[in-house]
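Shown next, in structure tokens, is the structure this report addresses.
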Amino acid sequence: MNTHQRPVYLALRFPFIALEALNCSLEQKVLVYNKQQQVVMASPPCFEQGVKLDMNLANASLLLEAETQARDYQAELLLLKSLADQLYEFTPYIDTQHQASGAALILELSTCLKLFNGLERLLEAIYSCVSQRGLEYQAALAGSSEAAWLLAGSSKHCWAYAMADSDALLGLNVSELNIDEATKDSLRKSGFRNLAELKKQLVKSGGQAFRTRWGAGLADYLNALFMANAVQSDLFHRPLFRCREQFYEPEQAYRSSLEFDYPLVSIDLLDAPMRQLLEELGTYLQQNQLQCSGITWAFGSIDQRHSSMPVRCERVHKDYLLLLELSLIQLQQLGLPFEVDRLSIEQADLHSAELATEKLASFTEKQDSRDEQLLLRRMQARLGRKNVRKLSLVDEHVPELASTSVAADELALTHLPQALAEAERPSWLLKSPLKLAVDKQKLFWQGPLQLIRGPERIESHWWDEPCARDYFVALRDDQVRLWVYRDLRQQDWYVHGIF
Amino acid sequence: MLSALYCQSNFSFLCGASHPQELVERAVELGYRSLALTDECSLAGIVRAHQAAKCNNIRLICGSLIRLQSGEAFIVLAPDRQAYAELSGFITLARRRSNKGEYQANFEDLRFRLKRCFLIWLAESRLLERDKDSKAMFAQSLAKAFARRLWIGIDHRLLKAEVSAFLSWRQLAETVSIPLLACPKVLMHTKARKALQDVLTALKQRKSVQQMGSALEQNAQAYLKSPEQLSRLYPEELLLEAQILADRCHFSLDELKYQYPRELVPGGQTPIDYLSALVEQGSKQRWPQGVPYKVKQLISKELALIAELHYEYYFLTVYDIVRFARSQNILCQGRGSAANSVVCYCLRITEISPDMIHVLFERFISKERDEAPDIDVDFEHSRREEVIQYIYRKYGRERAALAATVICYRPRSAIRDVGRALGFEPGLIDSLAKSLAWWDRKGDLKRRIAEAGVQNSTRLSALFYQLVQAIQGFPRHLSQHVGGFVITEQALSSIVPVENAGMAERTVIQWDKDDLEAMQLMKVDVLALGMLTALRKCLEMVGSYQRQIQCLEDIPKEDAATYEMLSRADSIGVFQVESRAQMSMLPRLKPRCFYDLVIQIAIIRPGPIQGGMVHPYLKRRDGEEAIDYINDALKEVLEPTLGVPIFQEQAIRLSMVAAGFSGGEADELRRAMASWGKNGNLLQFEQKFIAGMLSNAYSKEFAHRLFEQIKGFGGYGFPESHSASFAILCYFSSWFKRHHPAAFYCALLNSQPMGFYSPSQLVQDARRHAIKVLPADVCFSSDECCLENIAASGENKLWALRLGLLQIKALNKAAAQRISSANKIKTFVSVHDLQLRAKLSRIELEYLASADALHSLQGHRYQSHWSVAGMQPSIMGCQVAEHALQSKSPEMIEDIQADFDSLRLSLRAHPMALLRRMAAFSSCRLQSELKFIRHGSFVQVAGIVTGRQRPGTAKGTVFLTLEDESGNINVVVWKRTQELFRQTLLNAKLIRVKGRLERKADVVHVIAGQLIDASEHIAALSTKSRDFH
């Protein structure tokens, strides 16, 4: 960037991003809260009914009937980043800000003005891009990023096409400055209510007065605010060397595609083109020291139909053949959507390669683990991720609640407290207990039963579905041991498991 | 017949799910012969269990559950007195070496400390193969250490693998020759308490019940079972062994004999001789002209009874403490029924002489009552710690400790904890707890739950309600009593365990005042009274410029101007008569003498109000109603109160003179009246009373009428002696207010927290009395508020009140004192000079700047902050960077807000004076205008909420106090209005009221029709309301 050129900063602030990231409509009554049960954002109808930010959620709920959602910070970040990726086509100098004071994008436009035929046209294009995303925003232009940010917060859906003049800042309140609350409080205690008063002090005593009292951080911030539109250059401390703006780095995206001379009608025919595209991906991964945890295939037909097929792995890797195997397995399961005229990798989940050291002796273990993974992945590919599950223990007294299944790639509980671990439990627990026949005070289940151990009484879950049972170990005449219980509420007998 | 040897009550905090008395009563129902209360490392519930056991004729065994650091658990039982002392000492040792609420015990402690106790080693787990050898070794050590005092306790609760566990333990027991016995674990008296027990367990682990998993008890078997149930669970020999063990335990708490500390009596004298000598010496000081004959008779009578009941040491102990306090110039005064004692007056424990009131010793001590006396002594609250440390020094921590207070679940805490345990949303729990007013009854809870959005029809909400009801009254933890000391001759830990309190250098016993009373242990209440501190400070100030006032005795008695001031209800800050209700009564009663004050203080109490005494008294006082005493005997009792019984002592004396009761019997009647709703004792007294009156030739109709009349207040009416003790302080404080108002307010401000009113309200009142109040300033203020002479004119100096630096909220005492000391040497000339000489940190300077206390050095607070922020470190200390501030000075409202933030008051305009310019308040009348408005007129008022009161006698009416720039407005809120504007009434800081004005004589109220929350106008102002019953 040309350091001699006068900078032009566009600040875009997104006051409702917390709602938009959750796909909530701004017309509905929605409250977004944090872990401390405080309202961090609300839709405009809520504010009209007296809701305030940082209000306790319970109090806010008393004011109106509203949908409540927990804040998803990650979703907000992703949304912001995806917008930044889009705006990258206009300028490489984008700063994403996602902090307590709000979410914003600051764009430096001075280098792009010629390319887009002037500021107005450029702004039109940017605003159009943002509007298409359906996000509420506030915008302002200024000679510094700090000033632009500040001014954007003061305007209501401002389509700023001109640089703000120096007086625009002066009316702003100290509370709107992008600095910590303690410093704001200290400034207010010294009588500074708005930026006009700050500027007046700056003019009179220079930046040193602020530097002494509140440190270089505030002094530089004020310099940046007022310097942008300053006329008297010697009043402000201009840095000797102007800092270069940082380039924005959009998410690396990998795309590649192949078009066929004639549409392919069977899966076998797709093997070769898939292999080719994946080889290219493999080369790309190697050259960029990246790994991949999944791809999305896109199929296109002659008549512009489109279909996608994501293929995911448990771990990141560079093994494109694994991806090929998984893709073919999945394709065989799903079938070709139509005659395929175009095949592309439209998305690859890329990660930087980890430089991991390996023990020489662990090669076999590693190989076994890899085989296990492959098996798991194949099963998941065939059956669906959620359909391949493993056992996880649950710390519970009630037997049918004492275990559960989790997806094979999730963490499972494998150890229980000692008392539960030592309990005598059948190796096979019936999915549902089966009622026993009782004849002349004798129990029957596929044969007469004799109680040999027990009772072990379980009384629990009074807070949802009360359970009160006396469990026994019963011996059938064919020496099969069963786990039976008497329901103390209904007085019926059931078999629950087999040893 | 059975015995339960392992029972934990709710004094095993957050574990046991039944009260001790519930366990005892249930054991009786089931036919148990005895029950051992074994709370974990505690004897906190043992007295309650003992009382219940005595009433129900079942033997209580004293014991405790102890878990060693190694994990082994034991029941320790006390078979005899010595064993009990061991157990109590053991618990003390384990508790004293740990933080509050915890304990540490190990095997060596058991071995060396418990030589007579019985031990039951609890077989809590299955003996796995890997454990057998180590368990066997441990068992051998135990067997060797405890010989025939050791058993292994088997607990069958239908858990997993109990049979195999039992077999392995039996094998071990046979190997080491330790007998087994049945020891079922009991956590509740009935299995219906299982849900509550689970909630308590979840609370202990700070989780919800849904998250607890196997950490909850597997079933509800840990309850008191019937003999039939136990015989199905345990072999006969185990049950028998348990019974044999129980039968060997014969200790009863009744064997505990309290001994007063002996060192108080000099060698060669008996206690009564020494006491008598002290009383005689004191009486000569009290009556330098000669002790009147009547007084001598009273003294003899009292000393005779004291000797007969062996209470000499008690009086000597209290005398010694009071003597120490006086030697240190700490103001103190006994209160309560002790003021009926001439002996206490001679010993200078109390200040009520027999000619001030109609003393009645039986109200204090009587043979019939058979209870240790209870003397409460108030000390200056700022110096009470000196008295406490004296007691510790004199008797040692082994023989003196504070009594406990049991902190129990109340509605709000019950809602919070049960809600948390059931996994309710934190926001919901919060709103539900906050929506409860302090006056809501149990029945209101269901409505509040429904209002909060919890559907009453769901299972969980029904459970929530039941559990909240059940947990109320359950103990949560022990705290220390305000000042109740127990002092013994022997080691205190041989009677009751002592543990660490939350405060450093404090220990508490595990019994509260009710337990002490039941066990007849002496308790001396070393209480704190802010007014005594204020009076001493006042004396010091006044004494510095008026030499003839050096002590309270120098204050002129029966000063007419003082009474005139009180008759105008100008009593803010005055002891006991500054409340809204008292201020309403003062203009009607118009006190003219000391005894009028005694009546004034006593008459605004539930007893006289509920007994309908107030209006008849006032009417007779105003000559609107004739007085008929029936005869001279009754006249003597009732004449001081114009024929209307007001004091408890009058109820006692009436039954003596009219029905022929002895003094002790009469006091028993009074106590029966106090509890007449709870038991049937009153009936027997009623019959005797009527018969006695009839025999004294009173009519039956009159006898019944009189009995009913005194029944209404006999229990609730105020003791005359107590009222008189308070009236003395009331008079002194009134006199100071009337004649030395600057010193009076200054002393009150320096004695905070105390009294009814905030510093802000006191300052407002001072200014209404034309006292100039000067702001806190580093160049003029001391650490405390002080008097500043603003116009010297011979002896009639004009005093202003200078606020002290300690009024600044965040400034610590040390910094304030440094500033004050340095300024006294030489007045500060700059902020730099201040920082250097007073060694202040930057943050302390900022506190001073926030309080505008640098005004004389820097100007307004913006400039002060600017200067302080600019201070830079240098070799010589901080220097101010010289850049002049360009900002304007703060607006008035900003200054007021900053004043409240920093000082909790402002000397500038009252916020209401500024708000009145706004349209919303333009129609609101000032408090000073109300007296000119016609009774019954519609009126609007507004003010900052400074008090909310809902007296129990007012049938649900709430009295609101609003402060504006001209004074305090009394607002009456009926029940219907409360319901309509509940949130505003409970939570608003600033309220606008529309209502009707009501005037009776000089007392003005506004009856609220509508309450409007205007808090947003003062949202940033730090104000506080005083809310109480």
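Any chance you could look up the accessible area of B:Lys931 with a 1.4 Å probe, heavy atoms only, rounded to 10 Å²?
Rounded to the nearest 10, the figure is 130 Å².
So, with +1 on the Cβ of K and R and -1 on the Cβ of D and E, and no other charges, what is the size of the charge dipole of segment B:357-419 about its Cα centre, to the nearest 20 debye?
Dipole size: approximately 300 debye.
Given the DSSP H assignment, sum -39500 (n - 2.57) over each helix run of at least 4 residues in chain A and divide by its residue total; what's the result at 222 nm in deg cm²/dmol, nearest 500?
Result for chain A: -10000 deg cm²/dmol, rounded to the nearest 500.
What is the angle, in °, between the Cα long axis of helix B:236-247 and the longest principal axis of the Cα atoms in chain B? Nearest 10 is fine, range 0 to 90.
So the helix axis and the longest Cα principal axis differ by about 50 degrees.
Report Rg/Rh for chain A, rounded to two decimals, where Rg is the Cα radius of gyration and Rh the Kirkwood radius.
That ratio is 1.12, to two decimals.
Going out from 0 in 10 Å bins, what whole percent of all Cα-Cα distances in segment B:465-567 drops into each bin?
11, 25, 19, 19, 19, 6, 1
For an R0 of 35 angstrom, estimate the FRET efficiency from the Cβ-Cβ distance between A:Asp261 and A:Leu334 and round to the nearest 0.05.
Given R0 = 35 Å and the Cβ-Cβ separation, E is 0.90.
Let me know the whole percent of all Cα-Cα pairs from segment B:81-240 that are separated by more than 30 Å.
Counting pairs separated by more than 30 Å, the tail of P(r) holds 28 percent.
Given a 1.4 Å probe, show me the residues in segment B:180-209 buried by at least 30 Å² of accessible surface when comparing the whole protein assembly to the chain alone.
Output list: B:Val209.
What share of all Cα pairs of segment A:1-125, in percent, falls into each consecutive 5 Å distance bin?
For segment A:1-125, the pair-distance distribution reads 2, 11, 19, 17, 14, 11, 9, 8, 6, 3, 1, 0.
With runs of 4+ DSSP H residues as the only contributors, calculate the mean residue ellipticity of chain B at 222 nm using -39,500 (n - 2.57) per run, divided by the residue total and rounded to the nearest 500.
Rounded to the nearest 500, it is -13500 deg cm²/dmol.
Would you work out which of B:Gln333, B:Gly282, B:His358 lies farthest towards the positive end of the dipole of segment B:278-432, given +1 charges on the beta-carbon of Lys and Arg and -1 on that of Asp and Glu, about the Cα centre?
B:Gly282
What Kirkwood hydrodynamic radius do you get for segment B:327-383 when you take the inverse of the mean 1/r over all pairs of distinct Cα atoms, in Å?
12.1
Could you run the numbers on buried accessible area between A and B, total for both chains, 1.4 angstrom probe, in Å² to the nearest 100?
3800
Compute the relative contact order of segment B:705-779 as a whole-number percentage, counting only Cα pairs closer than 8 Å that sit 6 or more residues apart in sequence.
Contact order relative to length: 19 percent.
Which listed residue (A:Ser61, A:Gln49, A:Ser82) has the Cα farthest towards the positive end of the charge dipole for segment A:1-131, taking +1 on Lys and Arg C-beta and -1 on Asp and Glu C-beta about the Cα centre?
Result: A:Ser82, furthest along the dipole toward the positive end.
Quick one: which residues, 5+ away or cross-chain, put their amide H under 5 Å from the amide H of B:Cys62? H built at 1.01 Å from N.
B:Ala78
Using a 1.4 Å probe on the protein heavy atoms only, what accessible surface does B:Asp376 show? Give it in Å² to the nearest 10.
30
Count neighbours as other Cβ atoms within 10 Å of each site's Cβ, and list the GluC sites (Glu not before Pro) in segment A:251-350 that are DSSP loop with at most 16 such neighbours.
Sites meeting the loop and neighbour criteria: A:Glu251, A:Glu339.
Across peptide A:417-428, what mean number of C-beta atoms from other chains lies inside 10 Å of a residue's C-beta?
For peptide A:417-428, the averaged partner shielding equals 3.
Kindly report, to the nearest 10 Å², the accessible surface of B:Thr827 as traced by a 1.4 Å probe over protein heavy atoms only.
Surface open to solvent at B:Thr827 totals about 70 Å².
Which whole-Hz couplings ³J(HN,Hα) result when phi for each residue of segment B:73-81 is put into the Karplus expression 6.51 cos²θ - 1.76 cosθ + 1.60, θ = phi - 60°, listed in order with x for Gly and Pro?
Coupling constants for segment B:73-81: 10, 9, 9, 10, 10, 10, x, 9, 4 Hz.
Extent of segment A:391-499 along each principal axis, from alpha carbon coordinates, in Å, largest to smallest?
49, 33, 24
Convert each backbone phi in segment B:694-707 into a coupling constant with the Karplus relation 6.51 cos²θ - 1.76 cosθ + 1.60 (shift: θ = phi - 60°), then list the ³J(HN,Hα) values in order as whole Hz, x for Gly and Pro.
Listing the rounded values in order: 4, 5, 9, 6, 8, 6, 4, 4, 5, 4, 5, 5, 5, 4 Hz.
If you average the sequence gap of Cα pairs under 8 Å that are 6 or more apart and divide by the length of segment A:1-141, what percent do you get for the contact order?
Reported relative contact order: 34 percent.
With +1 on each Lys and Arg Cβ and -1 on each Asp and Glu Cβ, and nothing else charged, work out how big the dipole of the protein assembly as shown is about its Cα centre, in Debye to the nearest 20.
That gives a dipole near 3380 debye.
Calculate the mean, over all residues of peptide B:894-903, of how many other protein chain Cβ atoms lie within 10 angstrom of the residue's Cβ.
Mean partner shielding for this stretch: 1.
Rolling a 1.4 angstrom probe over the protein heavy atoms, how many square angstrom per residue are accessible across segment A:267-348?
Averaged over the residues of segment A:267-348, the accessible area is 49 Å².
Please list, in chain and number order, the residues 5+ apart from A:Ala103 or on another chain whose amide H is under 5 Å from its amide H, with Hs placed from the backbone.
For A:Ala103, the qualifying residues are A:Phe14.
Rolling a 1.4 angstrom probe over the protein heavy atoms, how many square angstrom per residue are accessible across segment B:446-573?
37
With the solvent-accessible surface defined on protein heavy atoms using a 1.4 Å probe, which residues belonging to segment A:373-412 display a reduction of at least 50 Å² in accessible area in the multichain context relative to the isolated chain?
Flagged in segment A:373-412: A:His397.
Report, to the nearest whole %, how much of the accessible area of chain A belongs to carbon and sulfur atoms, 1.4 Å probe, protein only.
50
Which order do B:His310, B:His739, B:His935, A:His415 take when ranked by solvent-accessible area (1.4 Å probe, heavy atoms of all protein chains), largest first?
Greatest to least solvent exposure: A:His415, B:His310, B:His935, B:His739.
In Å and from the alpha-carbon atoms only, list the Rg and Dmax of the protein assembly as shown.
Reported Rg and Dmax, both Å: 41.3, 134.
Quick one: compute the contact order of chain B, relative version, from alpha carbon pairs under 8 angstrom and 6+ residues apart, as a percent.
The value is 8 percent.
Check B:Cys408: other-chain or 5+ apart residues with amide H under 5 Å from its amide H, H built from backbone geometry?
B:Arg476
Could you give the semi-axes, largest first, of the ellipsoid that matches chain B, computed as the square roots of 5 times the alpha carbon gyration tensor eigenvalues and rounded to whole Å?
For chain B, the semi-axes come out at 53, 39, 32 Å.
Give me the inter-chain shielding for A:452-464: mean count of other chain Cβ atoms within 10 Å, whole number please.
Average neighbour count from other chains, rounded to a whole number: 6.
If you place +1 on the Cβ of every Lys and Arg, -1 on the Cβ of every Asp and Glu, and leave all else neutral, what size is the dipole of chain B about its Cα centre, to the nearest 20 Debye?
Dipole of chain B, to the nearest 20 debye: 1740 debye.
For all pairs of alpha-carbon atoms in segment A:19-93, what percent lies in each bin of width 5 Å, listed from the first bin to the last filled one?
The calculated distribution, bin by bin, is 3, 17, 24, 19, 13, 9, 8, 5, 2, 0.
State the answer as a single residue: which of B:Leu907, B:Ala988, B:Phe959 lies farthest towards the positive end of the charge dipole of segment B:885-1003, with beta carbon charges of +1 for Lys and Arg and -1 for Asp and Glu, about the Cα centre.
Toward the positive end, the furthest listed residue is B:Phe959.
The values are calculated or read from the model by the stated rules, or taken from the named source; none is laboratory data. This one's a predicted model, so the numbers in the text were calculated from it and none came from an experiment. Cβ sites come from the backbone with ideal geometry, for glycine too, and all protein chains shown count toward neighbours. Accessible surface is based on the protein model in full, side chains and every heavy atom, while ligands, DNA and RNA are left aside. Shrake-Rupley method; radii C 1.70, N 1.55, O 1.52, S 1.80 Å.
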